[in-house]
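The numbers here are math on the coordinates, done by the rules we state, and not lab data. Quantities reported herein were computed from a predicted structural model and do not represent experimental measurements. No Cβ is skipped: glycine too gets one built from the backbone with ideal geometry, and neighbour counts run over all protein chains shown.
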Amino acid sequence: MLIGDVARRSGVSARMLRHYESLGLVRPTGRTGAGYREYSGEDIRRILHIESLRSLGLSLREVGCALDDPGFKPPELVDDLIHRTRERIAAETALLTRLRRIGAAEPADWADVLQTVALLQALGSKNAGTRQRAALSSAGEIPVPVETLVEAVLGEADPNVAGALRWALAQSDDGGLPLLAEGLGSPVAEVRARAVRAIAENPSGAATALLHDALTNPDTVVRRCAAVELGARGAADAVPTLIDMVVEGTNDVDAADVLSALASCPASAERIATGLVERLSHGAVEPSARRRLAQALADVPGVTASRALKDLSRDEDRAVALTAAYVLGIRDAR
């Protein structure tokens, strides 16, 4: 079969067939009397094998090795191809994401495009200072898409940069709340913690609703952060978690401060005092926990709190007793 016929039947151009021949991949078995290349059935099968291997992503050099090297090991090459393909997909996905972000910024001209690209690159910098400056400038004339800011917030470990990113995110129309809500369900604990902190800095009613939902989150870090912020917003349903924080000694000072503020409402004061006293009545409460509960009772008005403090002033642990007596002295002075 002549080269033109082979090209038509195989779909490989005559030029490519000549290139294969120059590389030694496939050589026509014979020549016609006029000197034209003549391919046998075996030659055509080899051409089809070459095309099949190329379709898997092999280079022509790798194709030659696969067909001619007796020691060639297909599994190793296939594993390498899988690795290269994944890298290529990741690179293409990153490019697609970058293009979508640029499109979301709705650039008016190429100057806007270049400015957006520069800002995106700065947010992805390895230098924390560069990322922080980018976050602070992201609320300018050409804002960064919310999706980008949320991704940056959920992935930022540096506290200063994270604070700047949360501020930038709060400037956007919806604060990225729908995406941050998804972050609360992340399998990664650090991402969940960053999501609830970002939500906590948003003063909107929608953010408050998300924080109420977060009180039942299985992640204790999420629950505690939500409780502190909700308590600061006057939400009484945060009280049980805040009391738990006092007992456990986790951010207990913040929790006690919030409980004190909530106790300014008479109805909440009695609920808080009752909750603190109930924890004292539990068996095997460590002295350190009793001391923290005494301190938390200091600014809770009412008879229930005063009675509990009097009991604690006679506690078997000297530090607890002294703390409760000191708190009682302050209350009496008032």
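Data for the structure
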{"item": "Given [x] 121, 51, 30; [y] 61, 44, 38; [z] 106, 47, 30, the label whose value is Cα extents along the principal axes in Å derived from this model", "result": "[x]"}
{"item": "log10 of Debye I(q)/I(0), alpha-carbon scatterers only, for region 3-72 at 0.17 Å⁻¹", "result": "-0.60"}
{"item": "The chain: calculated mean residue ellipticity at 222 nm from DSSP helix runs of at least 4, using -39500 (n - 2.57)", "result": "-22000 deg cm²/dmol"}
{"item": "Counted charge near ILE3, where neighbours are those whose Cβ lies closer than 13 Å (Asp, Glu -1; Lys, Arg +1)", "result": "+3"}
{"item": "Length-normalised contact order for region 199-334 - Cα pairs under 8 Å, 6+ apart - percent", "result": "16"}
{"item": "Net charge over other residues, Cβ less than 13 angstrom from the Cβ of ARG224 (K, R count +1; D, E count -1)", "result": "-3"}
{"item": "Leading residue at positive end of dipole, the chain (Cβ point charges), from VAL327, LEU2, VAL228", "result": "LEU2"}
{"item": "Region 103-204: trypsin sites (Lys or Arg not before Pro) in DSSP coil with no more than 10 other Cβ atoms inside 10 Å", "result": "LYS126"}
{"item": "For region 238-274 versus region 74-125, the gap between their alpha-carbon centres in whole angstrom", "result": "48"}
